[in-house]
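The values are calculated or read from the model by the stated rules, or taken from the named source; none is laboratory data. Because the structure is a prediction, the values reported are computed rather than measured. When we count neighbours, we look across all protein chains shown, and the Cβ atoms used for this are built from the backbone with ideal geometry, even at glycine. Please note that ligands, DNA and RNA were not included when accessible areas were found on the heavy atoms of the full protein model with its side chains. Shrake-Rupley method; radii C 1.70, N 1.55, O 1.52, S 1.80 Å.
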Amino acid sequence: MSGTSPGTAVIETRALSKVYRDFWGRQKVRALKALDLEVYQGEIFGLLGPNGSGKSTTIKLLLGLLFPTDGQALVFGKEATDVSKNERIGYLPEESYLYKFLNAEETLDFYGRLFDIPAEVRKERIEKLLKLVGIDRARKRQLREYSKGMTRRIGLAQALINDPELILLDEPTSGLDPIGTREMKDMILQLRDQGKTVVMCSHLLADVQDVCDRIAILHQGELKELGRVDSLLTVEDVTQVRARNLSDDCKNELRDVIQRHGGDLLEMDNPTTTLEDLFLSIVRDSEERPGRRVVGPQSTAGGDTPAPPATAN
Amino acid sequence: MVVENEVLPYLQWLWRGDGASFVDGKGALVQFAIIALTIFVLGLVGGFLVALVRQGPVRAGEITYRTLVGGFGDLFRLSFRRIAALASLAIKESLRRRVWVALVVFAMILLFASWYLGVNNREPARLYLSFVTAATSYLMLLLSLVLAAFSLPTDIKNKTLYTVTTKPVRSGDIVLGRILGFTVLGTALLAIMAAASWFFVNGALAHTHTVDTRSLEAIRGADGETIGKEGETSRDAFHTHPFSVDAEGYGFTDQVSEHSHALTADGDAIVVGPAEGYLRARVPLRGKISFLNPQGVPVAKGISVGNEWSYRSFIQGSTQAAAVWTFDGVNESTLMEYEDGSKYLPVAAIVRVYRSYKGIIEQAIQGSIQLRNPETGVKSTLRVFPAKDFAIDSFEFANEQTDTDQNDITILDDLVTEDGRIEVIIQCLDRGQYFGFAQADCFIRLPEGSPLWNFVKGFLSIWMQMVIVIAVAVMMSTFLSGPIAMVTAITFIVLGFFRTFFLQIALGESYGGGPVESLVRLVTQMNVMSPFERTPSVDAMKAIDGVLKGAMRAVSNVLPDFSTYLDRVRYVAEGFSIPTDAVLHDLTVSLAYVVGMAIVGYFCLRTREVAKS
C-alpha cells in the first residue's frame, strides 16, 4: 500500500486518535480514529476528505498544536509535541494566521528570528522569499492591507523562512486566483524537486491530483484510502491513447482495430481544455499584448492555446 | 504620618528575617522555597488527577512524567534571541495599538491638575508628589494590566499563535517574551512620566518673593549699632516669610510651608532667591520609643486620648510623663558640622498636640526636649520649644552642652554611652495638655540624600508594581480568556493592596467573622460584636468559614503586598529617603514574582492545546 516510496519515513503515526472533550471532560466528538500513516522523504503527500473528516486535526497533531488522546505521532522520529522538531518544519496554516500590524519584511524577520539563523543569512533569505512569492513590491505594507492571495503568499514565505525539510500546507491554494494557484502548485513541485517533503490537505481535488505523489482519504476520522495518486486513479480496464494530427481515415482504422480485437470504443473525440488552462493562456496573452482582446470565432479556442491533442479511449 | 515600618537589613531579611537564625524559617528565601514547593506539589498532584480522570492511570503517569521532565528540560533551553524577538513583537503590537495615548492622558492630567492642587497647602511638595505618583501608578497599572491580560488570549483567538508555536519556540519563550516586551514598553512610558512629573512638581512649586520694604526694621546690638535687618517678604503663592539678614544683607527666610529662600544683597536692596527645601530626602536614624507615666514610672504605652486604635499614645503635660527614644549607633560621624567646624546632633521630631481645653489658641503648647545618657543618667539642660502640631520640627544640639547642674559636657563624651546609645526625652510643659507620639516621630537626621535620586527610587517602586502586574496578568492569560484574565488579575491586585486586612480575616483577627458570617451579618444588619446563638445553621456557617479562611490563608501566601510599594512612594512624598535595603528587598520580591509567574505560566501554556477551540 505505501512501501513503494524509496525515502525514509519523515512522519509516522501509530494508532493516532483524537477525542475532543468539553470542559468537564465529557467526549464531544471523536475526530480521529487510530490513524496509521507514513510519509516519506521527498514526496508530496495529500490529505483529502470532506469537512470534519480529521485532516486538519491530523496536521495539528503532527505540529503539536493538539495532543493525541491515544496513539503516537512521530515527526523525524521525535514525538510531535517535541518542540525541537520544529527546526526542520515549515507550516502554512489554513488562514495564514499572521500579525496584521507587521509588514511583509517585519513578518519574515520576526519568524526568522525564532530560528537559529545568522542575521545575514536571514536577511538574504527574506529578500529571496519576498521575490519568490511575488510580494517584493508590497514589502513595506502592513499585512492588514493585503488581499487574501497576498496573505497566502506571505504565509508561504514565513513557512519557508528556515529552509525546512518538511512543509505542512493547510489548504495552500485557498483564496488564490488561478494564476496564484498555478504558481503555488509549481512552487510545491519545486520544493519536492529540492528534496523536501510536502504534506498538504485540501478540498480542491484537482489541486491534489495535480501535485501529490500519494494521498490519504479520510472520512469521519478514519483512513479510507492510501496510496499513489497515479495507481489509485488508474482505471484498469480502460486504455487511453492520446495523439495529435490524426486524419479521419486513421481514426476509422483505429475504430476497426479496436472492434477486431473485441474492445469497446468508449469515446473518440477532440478533448476540451480545462478552464484553468484557458484562463491562464488569456492572461498570459494579455500580458504579452496589452489592449482590448478581439473575441471572435477564431479566438474562442483560447488564443494561442495549443490545440488539444486527439484522445482515443 | 511618617513611614515607619521597620526595614530589616537586606541579607538578614533574605536569610533569617526576624527569626534568630536560618532554621527558624522566617527568612524570605525559606518562605519563598516553601511556597514554591507547595505550588509545585499542588500543581503536580492536580495535573495528575485531571489526567487520571481523562486518560486513566498509566497515561496520566506518562503525561505527568513527560511534562515534568520535558518541562524542566525546556527551562534550560530558553533562548534570549527568541525571547527578544517575541518581546519586540509585543512592543510593536502595543505601539501599533496606540499605547502612547496613555502619555497624552497623563499630559492632560498634569495640565489640569494645577487647577485643583492648591499651592496654599501647608505641605505643597507632599501634595504634588503624592498626586503625580498616584496618577502615574494607577495609569501604569491599568495600562500594563490591559496590555498583558489581552495579548496572549488575542493571539490564541486569532490563531496567530499557531505560526509561533510551530516554530522552535518554547512556551517559556512566549511567556518571558511577553513579560519582557511589556516591561520594556512600560519602562519607557514610566520614564517619560517620571521626567514629566519631576518637571511638573518643580515647576509648580517654584516661586519667589520680594521684600516688603515697609516691614523692614533694623536689628541693633547691645551697643546700639545696626547688626542686621528683619522684616517680611511679599505675599506670593499664598504665604509670606519673616526673615532676618546680617549687616551685609545676607541670610535666610524662616521656613514656611516646608521651604525657605536665600536672601542676598544687591546694593541696598535685598533680593529673595528661589524656594529651597521643598524636596527632601531625609535619612533618619530611628530609635526605640518608651514612655514614662505621670509619676515617672516606665510604661509600655502612654495615655489614650479616646481613640483606642490610635497610632500614637499621649503624655500628660506638666507631669513627669515623657516620651523617651533610645538611639543606637551614635558616634562622631553621626554629628554634623557647622561652617565654623563645630559639631551638632540634628534631631527631628513630630509632635501631635491634643488640647484637653482650648487655652489661648494662637499660642503654641510648650514642650521640652533634652538628651540623656542611658547609663549614667546625665542629662543636657532642658530646651523649651513651641510645639508645631503635626509638622517636622528640627533641633540642633551643639556638641558642647551643659548638664542640669550647669557643668560643661559634650554629647560625644558624656551623653553617648560607649556602645553608642543616647536618649532623647520629650515632655509637655502645659498643664492639662497632651503630646502624642509614635516610634517614628523622633529621629536623628543623618546627611540627606539626593531628592532626585529619591524620586527615581519612588518611581522604581511603581515600576516594580508594574512588573508584578504584568507577570501576574501574563500568567493568568496563559489559561484564561482576555476579559477573565484581566478580572482575575484585578482581583489579585486589589487583594494585594488590602493583603493585611485579607490576612486578618483569614486568621480570624478581624471583627465580624469570615466571609459567610460577614455576609449574614450584613444581610441581617447584625452588629459585628454581637455573638450568634449556637444552632446547626450557625455551626454550618462557621464550618464553611473555616474552609474559606484556610483557602484565604493559602492565597495570602502568594498575594503581592502592594501596600509596601505604596509605603515606598509615601517616603518620597513625605521627604524621606527610601532605604537601600527596602529597594533591594522590593526588587528581590518583584524578581521572585516574575520568576514564579513565568514558571507557572510556562507550565500552563505547555499543557494547553493551543489549537483547541
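Residue check: is A:ASP116 touching a residue at least 12 places away in the same chain (Cβ under 8 Å), within 9 Å of chain B (Cβ to nearest Cβ), over 20 Å from B:TYR162 (Cβ atoms) and among the charged types (D, E, K, R)? Yes. Only one of A:THR69, A:THR107 is in contact (Cβ under 8 Å) with a residue 12 or more places away in the chain and facing another protein chain (nearest Cβ under 8 Å); which? So the residue among A:THR69, A:THR107 that is in contact (Cβ under 8 Å) with a residue 12 or more places away in the chain and facing another protein chain (nearest Cβ under 8 Å) is A:THR69. Exactly one residue among B:VAL245, B:VAL330, B:VAL324 is farther than 26 Å from B:GLU375 by Cα, in contact (Cβ under 8 Å) with a residue 24 or more places away in the chain and open to solvent by less than 50 Å² (accessible area, probe 1.4 Å), and that residue is B:VAL245. Evaluated against (1) in a loop (DSSP other than H, G, I, E, B); (2) open to solvent by 10 Å² or more (accessible area, probe 1.4 Å); (3) within 14 Å of chain A (Cβ to nearest Cβ), B:PRO168 falls short on exactly one condition, (2). Pairing each residue of the range A:134-150 that is at positive phi with any residue that is in a helix (DSSP H, G or I) and surrounded by 13 or more Cβ atoms within 10 Å (Cβ to Cβ), provided the two are 6+ apart or on different chains, yields C-beta distances under 9 Å for A:GLY134/A:MET150; A:GLY134/A:ARG153; A:GLY134/A:GLY180; A:GLY134/A:GLU183. Would you confirm, using the coordinates I've provided, whether A:ALA216 is of a type in the set (Gly, Ala, Ser) and either loosely packed, with under 12 Cβ neighbours inside 10 Å or farther than 21 Å from A:THR13 by Cα (or both)? No; evaluated as a whole, the condition is false for this residue. Taken together, the residues in the range B:63-79 that are open to solvent by 40 Å² or more (accessible area, probe 1.4 Å), part of a helix (DSSP H, G or I) and within 11 Å of chain A (Cβ to nearest Cβ) amount to 2. Being open to solvent by 60 Å² or more (accessible area, probe 1.4 Å), more than 10 Å from chain A (Cβ to nearest Cβ), touching a residue at least 12 places away in the same chain (Cβ under 8 Å) and aliphatic (A, V, I, L, M) is a property that holds for B:ILE192. Screening B:LEU49, B:LEU37 for residues that are farther than 21 Å from B:SER171 by Cβ, away from chain A (no Cβ under 14 Å), in a helix (DSSP H, G or I) and at pLDDT 90 or above leaves exactly one candidate, B:LEU37.
Scanning the range A:69-81 for residues that are modelled with pLDDT of 90 or more, in contact with a strand residue (DSSP E or B) (Cβ under 6 Å, 6 or more places away or on another chain) and of a type outside the set (A, V, I, L, M, F, W, C) yields a total of 2. Buried (at least 17 other Cβ atoms within 10 Å of the Cβ), more than 8 Å from chain A (Cβ to nearest Cβ) and without any contact (Cβ under 8 Å) to a residue 60 or more places away in the chain - does that describe any residue in the range B:80-88? No, the range B:80-88 has no match at all.
Condition check ((1) among the basic types (Lys, Arg); (2) within 33 Å of the chain's Cα centre (by Cα)) across all residues:
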{"position": "B:GLY514", "(1), (2)": "no, yes"}
{"position": "B:GLN525", "(1), (2)": "no, no"}
{"position": "B:PHE532", "(1), (2)": "no, no"}
{"position": "B:ARG553", "(1), (2)": "yes, yes"}
{"position": "B:SER556", "(1), (2)": "no, yes"}
{"position": "B:GLU574", "(1), (2)": "no, yes"}
{"position": "B:VAL600", "(1), (2)": "no, yes"}
{"position": "B:LYS612", "(1), (2)": "yes, no"}
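Looking at the range B:137-159, can you tell me whether even one residue there is part of a loop (DSSP other than H, G, I, E, B), within 14 Å of chain A (Cβ to nearest Cβ) and either over 27 Å from B:LEU452 (Cβ atoms) or within 31 Å of the chain's Cα centre (by Cα) (or both)? Scanning the range B:137-159, I find at least one residue that is part of a loop (DSSP other than H, G, I, E, B), within 14 Å of chain A (Cβ to nearest Cβ) and either over 27 Å from B:LEU452 (Cβ atoms) or within 31 Å of the chain's Cα centre (by Cα) (or both), so the answer is yes. Search the range A:49-66 for residues being among the hydroxyl-bearing types (Ser, Thr, Tyr) and open to solvent by less than 30 Å² (accessible area, probe 1.4 Å), and hand back the single one that is nearest to the other protein chains (Cβ to nearest Cβ). Looking at the filtered set, the residue picked out is A:THR57. From the list B:ASP430, B:ASP389, B:ASP414, B:ASP408, the lone residue that is of a type in the set (Asp, Glu), open to solvent by 40 Å² or more (accessible area, probe 1.4 Å) and touching a residue at least 60 places away in the same chain (Cβ under 8 Å) is B:ASP430. Residues in the range A:92-104 that are touching a helix residue (DSSP H, G or I) at 6+ places or on another chain (Cβ under 6 Å), open to solvent by 10 Å² or more (accessible area, probe 1.4 Å) and either more than 7 Å from chain B (Cβ to nearest Cβ) or assigned to a helix (DSSP H, G or I) (or both): A:LYS100 only.
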